[in-house]
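See structure below.
The values are calculated or read from the model by the stated rules, or taken from the named source; none is laboratory data. These numbers come from a predicted model, not from an experiment. Cβ placement follows ideal geometry from the backbone for every residue including glycine, while neighbour counts extend to all protein chains displayed. Ligands, DNA and RNA are excluded from the accessible area calculation, which covers all protein heavy atoms including side chains. Shrake-Rupley method; radii C 1.70, N 1.55, O 1.52, S 1.80 Å.
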Amino acid sequence: MLAYWPGISAYDIYTQIFEVFEDDYTNRNPLLHTLILGAFYRLGEGLGSAALGYALFILMQMAVMAGAYGAAMGYLWRIGAPRAVFWTALVLFALFPVHAMLAISDTKDGFFVALLVLVVIRFHRLLEDPSLMRRPGFVAGFAALGALMCMMRNNAFAGILVALVAGLVALGKEGRLRLCALMLGTLVLYQGALNGLKAAFDASGTLATELVSVQSQQMGRVYAFYHESEPDDSYEIATWLPTVEDYTPYTADPLKTFAIVDKPERMWGFLKLWGRVGLRHPITYLDAWLLNTCGYWYLDDTTHARIYGEGADTHLGYLLSGQAETVGLASDGYLPGLRALYESLFSANEYQRIPVLSLLFAPALWVWLAALVGVGAASRRDRRTLALLALPVGCFLPLLLGACVLIRYAYPLVACVPLVLGCALARERREAR
């Protein structure tokens, strides 16, 4: 934080601060996160420095994340996780630069994943002792944390639903009805709170363009390869995707941002064209999706680290590290040497030159580690671990339909795989005694 004082203001900061300035809110970025960020920004303005308010916001985020990861370490210690797993998890939480960079960034991923870790801990307690669902305090705490988690990332409700299905398989008959009530109650609380915030601040819903990332990429790839041989379809594609000439295989942002889907009838027309073209080009559609998600399954992929660009002076690369000058959030920081090191590693992507350790930064590694934990649990018929793993995996799965691959999108797995593995091995040790 000292190196990047008052913090990294990249990604969606301009959209969110603009909503605060204009008092014109949406839920494109989670509304609760925008309101919290805006409240601290306004507090800073009242104190004479927007940067000071922003720094207080970052300090709160750091405290929440540190508390969540500290709770995870304490929980692994209490349940008797193998020491090798415990110390590995501690080193990762303390020293892995992704945690540090996201802790001082305004993106919602820090808050969201911290809450996810706390929900995973409670879910594990529930799976180990279903009688906890009879305790009002536990139920209220789980529902509150789960609802807050969903309010910090719009697609997180999928994690609750996937965990519910997996939990129904893992628990005995007597616990299933209570689990349904708990999980569905969590979603009702989330939806009620979100609708209340929307009504209070007259906020609109999520932009429709966020829902057509995959479809835009698929039609964009068809256009790139067949616009000369199939002029009629190409003309229609260009009508619905005005920027289709800007197609690039690894991010849908240039296309989906300008897709003509702003009204229900236009969305329907867009989807009809997508379906009609797809019937003739199913392999091209599959290819487009695989290229757009290759960072999640191909360990040697580096495209995810230069989607926006790269270079030591760009503040782009693996993790965005820019600062919003126009709203008073830029400074030279207080540790220029450390800042220069981070810019070299993650803007110029020099981390890729580090043998072996560079793999830790690959989103695909964490996807494969989650898959290996799942395969190991399935081979032992460990339904509880599969149910526990389903929660972070369920939060991650909708991002396979997103615009691009970024490490912050895989962050639920980065934070939760060591925790889930520790829980699984702790149970195995207890059962072996």
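Remarks
- Linear extension gain, residue 330 paired with residue 265, 0.36 nm per residue minus alpha-carbon span: 19.1 nm
- Our summary gives the chain a relative contact order of 23 percent, counting only alpha carbon pairs under 8 angstrom and 6 or more residues apart.
- Residues whose placed amide H lies under 5 Å from that of residue 312, excluding near-sequence neighbours: 348
- The chain - percent of accessible surface contributed by carbon and sulfur, probe 1.4 Å: 64
- 1.4 Å probe accessible area per residue over segment 371-433, in Å²: 38
- Semi-axis lengths (Å, descending) of the ellipsoid that matches the C-alpha gyration tensor of segment 249-322: 30, 18, 7
- Each of 273, 91, 318 was scored by the projection of its Cα onto the charge dipole of the chain, and the greatest displacement toward the positive side belongs to 91; charges sit on the C-beta of Lys, Arg, Asp and Glu.
- Whichever lysines have a C-alpha closer than 26 Å to that of residue 256, once near sequence neighbours (fewer than 8 apart) are set aside: 108, 198, 272
- Pairwise FRET efficiency - residue 238 versus residue 64, Cβ, R0 = 45 Å, nearest 0.05: 0.50
- Solution diffusion estimate, µm²/s, Stokes-Einstein, segment 151-197, Kirkwood Rh from C-alpha pairs, 25 °C, viscosity 0.890 mPa s: 217
- For the chain, the membrane-span-like helix rule (DSSP H, alpha carbon extent of at least 27 Å along the helix axis, mean Kyte-Doolittle at least 0.5) picks out 50-78, 109-128, 173-201, 411-432; this says nothing about an actual membrane.
- Per-residue [θ]222 nm for the chain (sum of -39500 (n - 2.57) over DSSP H runs n ≥ 4, rounded to 500): -21000 deg cm²/dmol
- Accessible surface area normalised per residue over segment 1-113 is 37 Å², counting heavy atoms of protein chains with a 1.4 Å rolling probe.
- Spin-label proximity, residue 87 to segment 344-366 - amide N less than 20 Å from point 7 Å beyond Cα toward beta carbon: 357
- Segment 41-163: translational diffusion in µm²/s, Stokes-Einstein, Kirkwood Rh over Cα pairs, 37 °C, 0.692 mPa s: 204
- Stokes-Einstein D (µm²/s) once Rh is taken as the Kirkwood radius of segment 317-433 over alpha-carbon pairs, at 20 °C in 1.002 mPa s: 127
- Cα gyration tensor shape for segment 187-314, rounded if a/c is under 1.5, else prolate or oblate: oblate
- For the chain, a Gaussian network of Cα nodes joined below 10 Å ranks 305, 238, 66 by mean-square fluctuation, and the top entry is 238.
- Nearby aspartates and glutamates by direct alpha-carbon distance to residue 263 (threshold 18 angstrom, same-chain neighbours under 8 apart not counted): 210, 236
- Most mobile listed residue (364, 390, 193) in the chain, GNM with C-alpha springs under 10 Å: 193
- Segment 120-169 shape via C-alpha gyration tensor axes, a/c threshold 1.5: oblate
- For residue 404, distant residues with modelled amide H under 5 Å away: 252
- The shape of segment 156-230 can be summarised by an equivalent ellipsoid whose semi-axes, obtained from the alpha carbon gyration tensor, come to 39, 23, 5 Å from longest to shortest.
- Zero-based 5 Å bins, Cα pair distances in segment 126-271, whole percents: 2, 9, 14, 13, 11, 10, 9, 10, 9, 7, 4, 2, 1, 0
- Selection from 348, 389, 304 lying farthest towards where the dipole of segment 266-423 points positive, charges on Cβ: 389
- Put simply, when 260-269, 151-160, 398-407 are sorted by average Cβ atoms within 10 angstrom per residue, most first, you get 151-160, 398-407, 260-269.
- Note on the chain: GNM, Cα springs under 10 Å; of 347, 229, 49, the largest mean-square fluctuation is that of 229.
- Alpha-carbon centroid distance for the pair segment 215-264 / segment 95-116, whole angstrom: 34
- Between residue 429 and residue 353, full extension at 0.36 nm per residue minus the direct alpha carbon distance yields a gain of 23.5 nm.
- Evaluated over segment 1-94, the Cα radius of gyration and Dmax, each in Å: 17.4, 52
- For segment 240-381, the extents of the C-alpha atoms along the principal axes are 55, 54, 25 Å, listed from largest to smallest.
- Cα centroid of segment 1-58 to Cα centroid of segment 125-187, whole Å: 32
- Cα lying deepest toward the dipole's positive end in the chain, options 110, 68, 197, charges on Cβ: 68
- Relative contact order (%) - segment 170-252, alpha-carbon pairs under 8 angstrom, separation at least six: 25
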